[in-house]
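Visitor: What follows is a single structure, and I will ask about it in a moment.
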Protein chains: 2
Amino acid sequence: MKIGILGTGNVGQTLGAKLLSLGHEVLLGSRQRSNEKAVAWAQQQGGGAHEGSFADAAHFGELIIVATLGTGTVAAVTQGGPENFVGKTVIDLTNPLDFSQGMPPKLFVGITDSLGEQVQRALPGAHVVKTLNLVNVAQMVDPASSGEPDMFVCGDDAGAKDQVTKLLQDLGWKRITDLGGLEEARATEPFVLLWVRYGIKHNTWTHAMSFTSAQ
Amino acid sequence: MKIGILGTGNVGQTLGAKLLSLGHEVLLGSRQRSNEKAVAWAQQQGGGAHEGSFADAAHFGELIIVATLGTGTVAAVTQGGPENFVGKTVIDLTNPLDFSQGMPPKLFVGITDSLGEQVQRALPGAHVVKTLNLVNVAQMVDPASSGEPDMFVCGDDAGAKDQVTKLLQDLGWKRITDLGGLEEARATEPFVLLWVRYGIKHNTWTHAMSFTSAQ
């Protein structure tokens with residue numbers, strides 16, 4: 001499948017490399033074409049790896065992944081051209097974290113909205129699915145490295161959620177819970193506040209969460 | 001130690017019974033003295049178990065636990081008489097959940113506040129510690145029944161947090177992280193949104209969360 005990724009940071013690069021290894025074609029998109037990091041990544045990865053603008057990534061992808069900083073998410077998808085996302089599944093893995101007052105971060109979206117819903121409003125023709133935002137990229141592409149973590153998907157289109165769930169399974173995720181509509185991102189995004197704080201206190205950034213019930 | 005509990009529901013009763021079994025004296029407080037459930041509980045538990053009003057519980061306790069519904073938390077501690085809490089450690093295990101629009105619940109406190117901080121403002125002389133709000137009461141008093149869960153404490157008084165941490169250890173908690181000041185309740189309270197949704201989807205109410213890092 002052709003996958004467009006918006007964001008050329010560690011998340012986009014690592015996820016892109018993993019998706020290439022699974023046989024997908026990947027275009028890493030940045031604010032402008034020929035972004036230094038994206039060019040280096042595409043050269044290093046070789047066949048099937050491309051780079052371009054946010055709009056190039058959105059146009060290229062049959063499925064699109066938004067992997068920018070949360071503060072740049074809505075701007076990135078808007079710059080990508082909402083028309084390029086129409087009818088497509090869009091994975092939003094970003095978090096509404098505000099680092100402007102230092103660590104630990106606060107949320108910049110209140111309890112009656114979510115960043116996932118903001119992405120959906122910016123891309124009215126797309127099928128946005130919120131997922132993967134609970135862990136670092138090393139765990140996104142290798143969840144078993146941190147136990148048997150739980151992952152959640154939420155979105156308003158059942159077909160898009162099925163597609164994303166299969167992709168998550170290809171990445172190694174086994175415990176995937178469909179929480180319902182995209183509004184449920186209001187429950188998964190704030191979790192990251194706790195994740196970051198645990199990371200600071202225990203000096204770990206590979207942690208992933210799981211629920212265990214009584215036998 | 002003398003422990004006053006505000007709230008005569010399942011949480012107050014079960015936690016009270018466990019604390020009695022650990023050798024503490026417990027007064028279960030309700031809006032009015034001679035609450036039917038509290039009287040039955042005290043009779044069933046026998047020596048060391050008492051019942052009374054919220055004010056009785058607050059006056060009685062060297063340590064006080066707020067175990068009401070979140071919507072009644074601030075009213076309960078206010079009715080308990082702020083003067084009765086002065087200089088004492090207060091465990092707030094309640095959650096700001098709004099069930100008025102049905103399941104799943106929403107939060108009724110926004111991202112720039114927490115219910116824990118509201119309790120602290122209502123009880124300016126007390127040392128409020130937020131904890132135990134992540135699980136059902138069966139796991140509060142027997143965490144090992146659901147794996148090796150994580151628990152968090154936050155509060156503005158170091159001595160009070162030490163006291164609460166020891167009490168948690170007596171209850172069986174082993175993985176306890178001090179997140180910092182009471183403001184960190186803004187990170188732990190929203191977690192319960194995710195906990196409830198997981199419970200609904202998997203039809204479990206004994207689940208507890210833990211973080212696992214890569215080896």
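The values are calculated or read from the model by the stated rules, or taken from the named source; none is laboratory data. For clarity, every value in this text was computed on a predicted model and none was experimentally measured. Virtual Cβ from ideal backbone geometry, glycine too; neighbours counted across all protein chains shown. For accessibility, only protein heavy atoms count, side chains too; no ligands or nucleic acids. Shrake-Rupley method; radii C 1.70, N 1.55, O 1.52, S 1.80 Å.
Visitor: Tell me the relative contact order for region B:73-215 as a rounded percent, counting alpha carbon contacts under 8 Å between residues six or more apart.
Guide: So the answer I get is 27 percent.
Visitor: List the lysines whose Cα sits under 21 Å from the Cα of B:K201, skipping any in the same chain fewer than 8 residues away.
Guide: Candidates past the 8-residue exclusion: A:K130, A:K161, A:K166, A:K174, B:K106.
Visitor: Please compute how much accessible surface disappears when A pairs with B, both sides summed, using a 1.4 Å probe, and round it to the nearest 100 Å².
Guide: 3200 Å²
Visitor: First check a/c for the protein assembly as shown, with a ≥ b ≥ c the square roots of the eigenvalues of its C-alpha gyration tensor; if it is under 1.5, answer rounded, and if not, answer prolate when a/b is larger than b/c or oblate otherwise.
Guide: Prolate.
Visitor: Mind checking the mean number of beta-carbon atoms from other chains within 10 Å of the Cβ atoms in B:181-194?
Guide: 5
Visitor: Distances from A:M1 to the same residue in each other copy, label points 7 Å out along Cα→Cβ, in nm, shortest first?
Guide: 5.3
Visitor: Can you list the distances in nanometres, one decimal and ascending, from the B:G181 label point to the identical position in each other copy, with the point 7 Å along Cα to Cβ?
Guide: Ordered by distance, the counterparts are at 3.8 nm.
Visitor: Distances from B:G125 to the same position in the other copies: list them in nm, one decimal, shortest first, using label points 7 Å from Cα along Cα→Cβ.
Guide: So the label point of B:G125 gives 6.6 nm to the other copies.
Visitor: For region B:112-215, what is the per residue volume of the convex hull drawn over the alpha-carbon atoms, in cubic angstrom?
Guide: 121 Å³
Visitor: Next question, about the same structure. For the protein assembly as shown, what is the calculated [θ] at 222 nm in deg cm²/dmol (nearest 500), taking -39500 (n - 2.57) for each run of four or more DSSP H residues and dividing by its residue count?
Guide: The per-residue figure over the protein assembly as shown is -10000 deg cm²/dmol.
Visitor: Among bridges DSSP assigns within the protein assembly as shown, what percent are antiparallel (round to 5)?
Guide: Roughly 20 percent of the DSSP beta bridges within the protein assembly as shown come out antiparallel.
Visitor: Using +1 on the beta carbon of Lys and Arg, -1 on that of Asp and Glu, and nothing else charged, what's the dipole of region A:2-202 about the Cα centre, debye to 20?
Guide: Charge dipole of region A:2-202: 420 debye, to the nearest 20.
Visitor: Mind checking the mean number of beta-carbon atoms from other chains within 10 Å of the Cβ atoms in A:143-156?
Guide: Average per residue, whole number: 2.
Visitor: Something else now. Rank-order A:39-50, A:3-14 by packing density, defined as the average count of other C-beta atoms within 10 Å over each peptide's residues, highest first.
Guide: A:3-14, A:39-50
Visitor: Can you say what percent of the DSSP beta bridges in region B:2-202, counting only those with both residues inside, are antiparallel? Round to 5.
Guide: The answer is about 15 percent antiparallel.
Visitor: Which residue of chain A is nearest the rotation axis onto chain B, counting by its Cβ, and what is the distance in whole Å?
Guide: Nearest residue, distance rounded to whole Å: A:P190, 2.
Visitor: Ignoring ligands and nucleic acids, what accessible area does B:F99 show with a 1.4 Å probe (Å², nearest 10)?
Guide: Approximately 100 Å² of B:F99 is accessible to the 1.4 Å probe.
Visitor: For a label point 7 Å from the Cα of B:N10 along Cα→C-beta, name the residues of region B:105-130 whose backbone N is under 19 Å from it.
Guide: Residues B:105-106 fall inside that zone.
Visitor: In peptide A:195-207, how many Cβ atoms from other protein chains are near each Cβ within 10 Å, on average?
Guide: Whole-number average of other-chain Cβ neighbours for A:195-207 is 4.
Visitor: In addition: About the Cα centre of the protein assembly as shown, how large is the charge dipole given +1 on each Lys and Arg Cβ and -1 on each Asp and Glu Cβ? Please answer in debye to the nearest 20.
Guide: 220 debye
Visitor: Please give, to one decimal in nm, the separation of the simple spin-label points placed at B:L69 and A:L22, each 7 Å out from Cα toward the Cβ.
Guide: Inter-label distance under the simple model: 4.4 nm.
Visitor: Answer rounded, prolate or oblate for region B:2-202, using the Cα gyration tensor with square roots of eigenvalues a ≥ b ≥ c: rounded when a/c is under 1.5, else prolate when a/b is larger than b/c, else oblate.
Guide: Taking the square roots of the gyration eigenvalues as a ≥ b ≥ c, region B:2-202 is rounded.
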